[in-house]
Every structure is written in structure tokens, then in C-alpha cells.
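**Q** Quick one: structure below, then a few questions.
The values are calculated or read from the model by the stated rules, or taken from the named source; none is laboratory data. What you see is a predicted model; the values in this text were computed from it and never measured. Cβ atoms come from the backbone with ideal geometry, glycine included; neighbour counts cover every protein chain shown. For the accessible areas, the whole protein counts, side chains as well, though only heavy atoms, and no ligand, DNA or RNA atoms are used. Shrake-Rupley method; radii C 1.70, N 1.55, O 1.52, S 1.80 Å.
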Amino acid sequence: LSLADSGAIEAALMAKLAGDSQLMLICTDGVYFGLSAKGKTRFVVVSLSTSEDAAMFGGRAFEEDTYLVKAVLNESGATAARNAATRMDGLVEGQPLTISGYSHMVTQRVGRVRYPDPNPVNPDDLWQHAGGFYQVMASG
């Protein structure tokens, strides 16, 4: 029994985000899984929050993964981060994903995220976080 690579799901989600020129105008440093590269100040982070597999006939019928997808911007105001979150929502909510080895079933937001994060050394240096938790269901 050959199973599809689960990492293809997040790769498809990240490619969808990185391929959008409007989002990349806001998040100029790109899209990262888990953590950004050092020194980046305007980026999108995708991370796996929860994952559940549905078994069927000795294999996996489908995967249900929830990803935290958020823009992270080093700036005092929240407008750009909120605009990025709105753009990301439009790109993935209810939209198809091309996932290698899988058939995409649905992508839907199941919660939103928005908060400022001050630098502990300099409280005036703020990082704005905005986005959501997105559930992706795919059969492989």
C-alpha cells in the first residue's frame, strides 16, 4: 500500500499563497513553514496545528489538517497585517488546492487570529499577527 506524502498538503497551501502577487506586495519576505528566515520582517507563516486521518480498508480515506496561516509584519499599525489576512482568506477559503497525490475536498477557515506582539527589549517595536486557522480536507 502506497500512501501519499502528507507534506504535499502544506506545500500546496504555501504555493497558493506565495503565488499571489497582491499578497506578496504586503508580505514581501515570502511564505515560510513554521518560522521565517532570520532578519525577515514582512512574511506569512504556515504551521500545522492539528491533524486527523480517517482510515478505510487498511489505508487512509482522507486527511483533515488544520493550519495556522498568518501574516507577521514588524510595524506599529495593524492595517497591512489585516489586509494580508483578508487577502489570504480570499485565496484559500472555499478555493481549490492542487495537491500532489491527493484530491482536494475542502478548505475552510475555522477561526481567526489577530494580535500585536511587542519586542520584550523594546515595547515600541511591534510585530502584528493576523490570519486564521484553516481546515484542509484531502483524500489520498
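**Q** Need the list of aspartates and glutamates near Lys38 for cross-linking: C-alpha distance under 20 angstrom, and skip anything on the same chain fewer than eight residues off.
**A** The qualifying aspartates and glutamates are Asp29, Glu75, Asp117, Asp125.
**Q** Taking θ as phi - 60°, what are the ³J(HN,Hα) couplings along the range 126-140 by the Karplus curve (6.51, -1.76, 1.60), each to the nearest whole Hz, with x for Gly and Pro?
**A** These are the phi-based 3J(HN,Hα) values: 9, 10, 9, 10, 8, x, x, 9, 10, 8, 10, 10, 8, 9, x Hz.
**Q** Output the 0 to 90 degree angle, nearest 10, between the alpha-carbon long axis of helix 79-92 and the longest principal axis computed from the alpha carbons of the chain.
**A** So the inclination is approximately 10 degrees.
**Q** Restricting attention to the alpha-carbon atoms of the range 23-63, what are Rg (one decimal) and Dmax (integer), both in Å?
**A** For the range 23-63, the Cα-based Rg and Dmax read 16.3, 48 Å.
**Q** Based only on the alpha carbon positions, what is the Kirkwood hydrodynamic radius of the chain, in angstrom?
**A** Details: mean 1/r = 0.0640 Å⁻¹.
Hydrodynamic radius (Kirkwood, Cα pairs) of the chain is 15.6 Å.
**Q** Per residue, how much accessible area does the chain have with a 1.4 Å probe, in Å²? Present the calculation step by step, with values, prior to reporting the outcome.
**A** Numbers: 7420 Å² over 140 residues.
Here the residues of the chain average 53 Å² of exposed surface.
**Q** For Cα pairs less than 8 Å apart in space and 6+ apart in sequence, what is the mean separation divided by the residue count of the chain, i.e. the relative contact order in percent?
**A** Working: 312 pairs, mean separation 36.8, N = 140.
Relative contact order of the chain: 26 percent.
**Q** Along Cα→Cβ, 7 Å out, is where each label goes; now give me the distance between the ones at Asp124 and Phe33 in nm to one decimal.
**A** 4.0
**Q** Long-range amide H contacts for Val106: which residues qualify at under 5 Å (H placed 1.01 Å from N, peptide plane, sequence gap of 5 or more or a different chain)?
**A** Answer set, sorted by chain and number: Met137.
**Q** Please report the antiparallel percentage of DSSP beta bridges with both residues in the chain, rounded to the nearest 5. The partial results should precede the final answer.
**A** Details: 39 of 42 bridges.
Of all bridge pairs located within the chain, approximately 95 percent are antiparallel.
**Q** Within straight cross-link reach of Lys16, meaning Cα distance under 19 Å, which lysines are found once same-chain residues fewer than 8 apart are removed?
**A** Of all the lysines, those that pass the test against Lys16 - Cα under 19 Å, at least 8 places apart if same chain - are Lys70.
**Q** Report, by chain and number, residues whose modeled amide H sits under 5 Å from the one on Tyr32, excluding near sequence neighbours (fewer than 5 apart, same chain).
**A** Val44, Val45, Val46
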